Amino acid sequence: MRKIAVTMAVVVLVSGCTGGPAGTDNSVPAGTAAGGSPEAVVTSPPAPTWRLAALPELAGPTSVLWDVVSVDATHAWAVGSEAYSPEQPNDTGSPVILQWDGRNWARAPLPAISWHGRLDLVAGDSPGNVWAVGSTAAATPEEQVTHVLHYDGSAWREVPFARGDGGGHALITGLTVHGGQTWLVGNDGSNVIIEQWDGRSWRSHQPPAECRTGGTSFGGMPNFCTVTAIKAFGPDNVWAAGNGAWQGFKGPLLFHWNGSAWRTVQVGVDKEESSFGALAGRSSSELWAVGDGGLAVRASGGSFELLRYGQGGALPDVVTDPAGQPWLIDNSPTPSASLATYRTGGWARVPAPQPSDAVGMSLHGLDSIPGSPLMFAVGAADLPTDPRYLRGVVLEYAPAPSTESRH
């Protein structure tokens, strides 16, 4: 068996990063052209920074955006819910999808939806193949029903989703779309859910042998696995993430699909109460996985390097920029959210901007545009109300528009 190398990196928190304030002005002082007319001076655009995006109004009292995907320079979608009331949690809340056209965010028309609830996940591989997953509002997880929507480039439509018992009761925690293939992962009680859309229906996959019922783990508990995220790079190269326990092991896990079967992949962290919650990367050799307790792992040449994020808390999402460098969400310490990136020497953290009337903010989803420095983060701002209500937000990471001045 190939030994998995794990390296502990020294974590250094610095006060600035690529996503900090605008960079130095590199313009050349203006001279005077022949005849005394001034020369035009073009000022270099500032370094990219995170800023709040203008959004269409979302219905109150509470709205939240949970996930975002961008497939090219003029197509991105953010999903969540609006018109939710914490005082009536079981029968309020409407799914919402916002669409970005390269300049502005607008509401996306949805099919007739008769259920209350929210959309938690969105993924796509082209402007004509985007998927969203959510669930109904309910008093208990057992009463929630999973709903799946698909966008074909012209309209959103609901796609039937049913488990083997004929019901849609499941906790779906991961969604990925690549090369026309769609994958969902999650858990239904103690059972791992891995579903693949074949173009006409859902195909159920068996989890790795260690994850199936039978046998005991630490303390006499049954063997178990949880699968919380998934990332596809090809039909025979799909990664999922979560955790598991069986005799001799307990800790965070990756799972890999080679086209015929799933197998567990240990990353060198054992006997630890932690789990991966998000995956990102441009290929298997540039894979990042993050989770609770500041857990962050980078795949490198077949081994795994542990690069813990020093702030410690849960890390809900991660994305890589065009250079392959990660950005992750840090919602601790509350009530303020931060975004952090890894550079040589450690992690650099920058506070996320929040609306002027907000008293706090949490972020939930991240995505980057292929081949572009532009990235998006979505979440919700805490409003100064009693009881506390939320308002959905989108952050954009990009340089400000370049300016031209004359002297």
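All of the numbers you see were taken from the coordinates with simple rules; none came from a lab. Bear in mind the structure is a predicted one, so any value in this text is a computation, not a measurement. Ideal geometry is used to build each Cβ from the backbone, glycine not excepted, and the neighbour counts take in all protein chains shown.
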Next item on the list: Provide the net charge surrounding ALA132, with neighbours chosen by a C-beta distance below 12 Å and charges set as Lys +1, Arg +1, Asp -1, Glu -1.
Entry: -1
Checklist line | J(HN,Hα) series, region 320-325, from Karplus relation 6.51 cos²θ - 1.76 cosθ + 1.60, nearest Hz, glycine and proline x | finding: 10, 8, x, 7, x, 7
Check: If each residue's Cβ is checked for other Cβ atoms within 10 Å, how do LYS250, LYS271, LYS231 rank with the fewest at the top?
Finding: LYS271, LYS250, LYS231
Next item on the list: Please order ASP152, ASP292, ASP321 by the number of other Cβ within 10 Å, starting at the fewest.
Entry: ASP152, ASP292, ASP321
Check: For PHE255, PHE276, PHE304, what ranking results if the residue with the fewest other Cβ atoms within 10 Å of its Cβ goes first?
Finding: PHE304, PHE255, PHE276
Check: Taking H as built 1.01 Å from N, whose amide H comes closer than 5 Å to the amide H of ALA137, not counting residues under 5 places away?
Finding: HIS116, GLY117, ARG118
